[in-house]
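Read-outs: derived from the displayed coordinates by stated rules, not from any lab. Note that the structure is a prediction, hence the values are computed from the model and not measured. Heads up, the Cβs are rebuilt from the backbone with ideal geometry, glycines too, and the neighbour counts pull from every protein chain shown.
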Amino acid sequence: MRRMRFLVVEDDKQIKTKTIDDCLASLGCASDWATNQQEANELLASHEYDLILLDLKIPSRPGGEGSPDYGANLLKQIRARTQRRVPVILMTGQHQQCVDLMVELSELGVDGSISKPFPTTGRTLLYVIRDVLRKFRRQLSLSEPIITGQMKPFTGGVLAVYPTRFELCDETIALAGEKGYAWSILNILKDKNAQDRFVCISSDVLANRLGPQVSQPSAVQSVRTLRRRIQRIMLDRLSLNCGMHDVIVNDRIGYHLLDWITVECHDDFSEELFFDLQNT
């Protein structure tokens, strides 16, 4: 059996040798180490990796100063490569610049995140790595070869509610703090009524709940934008043919989630990098 190989991009030698190396040894993984963006690209050009641990605030070159922008640029370069997709876990301290980058990084396809210093209980680095690998393997199992003109139909799934994000089928579809109303719309529609059915909200009521300055046409357009985002994410990341009305439908009684969507709420605030960064 081939031994898994990870790339660690971390400029702090103490964190690498005293924490990360112990974790990877426990997993039985081999690893390469880059301390900056330039070294990481050189290793990526000559090796294939099963997972990348990326410190967001890294230097662009040997001897340079670290910046979250350089980590973000490296992530873009990783995603631009034509080789097979590799899961990436972000590691970062609490920096406001990281908060500003979170929406952009999510769009690029971050598979997991953990704040530094690493937790020693609960959602540890080892936990995060195992969780990301589990989700990634599940995605691979769903991504079977597609016959020309055909793809798997979307048949519902779990809408996971975290303190700072919504995930559908383990893929992030909305983040707290991002521009637009995707986060607020999902927060409204995830609730159920006394009959244990998803609430139905008319467009004018939805507009009022989104804010006093939100017009009915703006609310309708925001739902349409969210539907298109979900449709694109399901197709691009899971090869699922998700229709515009397969998650959020609107009928004569209003907007609501379809019954084949299952809502699960996760209240572990320590799990969320974005939540940690907002409290710096």
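If you wrap the range 5-142 in the convex hull of its Cα atoms and look at it from every side, the mean projected area works out to 8.2 nm². For S31, the residues whose amide H sits under 5 Å from its own are F6, ignoring neighbours fewer than 5 places away on the same chain, with H placed 1.01 Å from N. Taking a straight line from the alpha carbon of K13, these lysines sit under 20 Å away, with near neighbours fewer than eight places off in the same chain left out: K57, K116. Counted residue by residue at 0.36 nm each, then reduced by the alpha carbon distance between them, the extension gain from T17 to N208 reaches 63.4 nm. Our estimate of slack between H47 and L235, defined as 0.36 nm per intervening residue step minus the Cα-Cα distance, is 64.8 nm. Less than 9 Å Cβ to Cβ from E48, Lys/Arg counted +1 and Asp/Glu -1: what total charge do the surrounding residues give? Taking every other residue near E48 into account, the sum is +1.
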